[in-house]
Amino acid sequence: QQGPTGPIYTPPASFTAVDSATFGNTTGKAGIEYDVAPGSLLYATFSTGFRAGGFNNDIAPNVYKPEKLASYTIGSKNRFFDNRLQANLELFYWDYTNKQENVLGVRNAGGFAVLTRNIGSAIDKGVSADFKYLLTKSDTFSAQIEYLNTNYKDFNYVSPLPLAAVAPTTNCATTRIAPAVAPPPYLPLAVTGTTMVNCSGKPFIRAPKWTALVGYQHVFALADSAQIIASANVKFASASYIATDYIPSERQTDYALVDLNLGYKSSKGRWSATAFVRNLGNVAVLTSGFEHPYVNGLTYSTLGAPRTYGVNVRYDF
């Protein structure tokens, strides 16, 4: 490839990636429950999780390790006022080992690519609350609220950013790998060197501190026992970053999405039809992205679905 003043790097035209790995794990869950009253209980659980490792598109060694999780929860489930109000609360603490994240990294075969790396230890803790209230026989209000406090305890990776005489555009700590001072831009990686990026202490990407889902449903009873069901839901999320550079162009600001539904259910419940609108306000939401390797601050991003509408029809045989 060519830059304005010369070659950037010369990756191989093709390469053969041969490697093998076996991943296995035993997971489990244990819990205890105490019934405080006929409509209330307390519980605590401990469980483990496992996400298999895999292979990057690179020559060997190109294997990343499995991700493991230890999860601790305590909570309470309750029903009040003749079961008209449901109120649940849960505290959770998730401890990750070898957590997997995608970063723009240096390939063994030459050049760079979006690679999956194991970033070490990470913590996800918070509290979630779930409420549902039957206002009348026909009206239901619901709300789900969650607060997250996340932290990458040990997160280091080698980045090619940038292949130029400036520091990488990142809000993580950086250390230049030889040469310590970058030469003029658009030279091979072997000449410009690379950068060690340390994002330890940063929050998880795509993990807003606050999320909430609030809904309202009304059921219109028809003479033949059929029903018309109307509902509206609003999803809110606070700001978060979509990539591990933690720069402004990778930050998704607070947003709210509105969904509407209007459906008909037959008297015997054998069939139903529902018209829906998703993301009524046509809000653009960043879901993932990465920084351009040659243009600092320019981010390639993917977006969530725009305003979408349609009809679902269901029939039970």
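The values are calculated or read from the model by the stated rules, or taken from the named source; none is laboratory data. Predicted model only: the values in this text are computed from it and were never measured. Because the Cβ atoms are built from the backbone with ideal geometry, glycine has one as well, and the counts that use them run over all protein chains shown. Areas reflect the complete protein model, heavy atoms only, side chains present, ligands, DNA and RNA absent. Shrake-Rupley method; radii C 1.70, N 1.55, O 1.52, S 1.80 Å.
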Practice task
Run down the lysines and flag those whose C-alpha is under 29 Å from the C-alpha of Lys77, throwing out any fewer than 8 positions away in its chain.
Solution key: Lys29, Lys68, Lys125, Lys132, Lys137, Lys209, Lys235
Completion exercise
Within the under-12-Å Cβ sphere about Ser266, not counting Ser266, Lys/Arg +1 and Asp/Glu -1 give a net charge of +2
Practice task
Just the Kirkwood number for the chain, please: inverse of mean 1/r across all distinct Cα pairs, in Å, one decimal.
Solution key: 23.6
Handout entry: 11 Å beta-carbon shell around Gln100, net charge (K/R +1, D/E -1)
Key = +3
Fill in the blank from the handout: Taking 0.36 nm per residue of separation between Met196 and Thr26 and subtracting their Cα-Cα distance, the length gained on full extension comes to 57.8 nm
Practice task
With an 8 Å cut-off on Cα pairs and a minimum separation of 6 or more residues, tell me the relative contact order of the chain in percent.
Solution key: 11
Practice task
Set the Förster distance to 22 Å, then compute FRET efficiency between Ala275 and Asp224 from the Cβ-Cβ distance, nearest 0.05.
Solution key: 0.60
Handout entry: Under 14 Å, Cβ to Cβ, from Ser288 - net charge with Lys/Arg +1 and Asp/Glu -1
Key = -2
Practice task
With label points built 7 Å along Cα→Cβ from the Cα atoms of Ala44 and Thr174, find their separation and express it in nm.
Solution key: 4.7
Exercise for the section: Compute the length gained on full extension between Val36 and Phe141: take 0.36 nm times their separation in residues and subtract their Cα-Cα distance, giving the result in nm to one decimal. Expected result: 35.2 nm
Problem - Contour minus Cα-Cα distance for Ser267 and Lys209 (0.36 nm per residue) - result: 16.5 nm
Practice task
For Glu146, tell me the accessible area in Å² from a 1.4 Å probe, rounded to the nearest 10.
Solution key: 60
Exercise for the section: With runs of 4+ DSSP H residues as the only contributors, calculate the mean residue ellipticity of the chain at 222 nm using -39,500 (n - 2.57) per run, divided by the residue total and rounded to the nearest 500. Expected result: 0 deg cm²/dmol
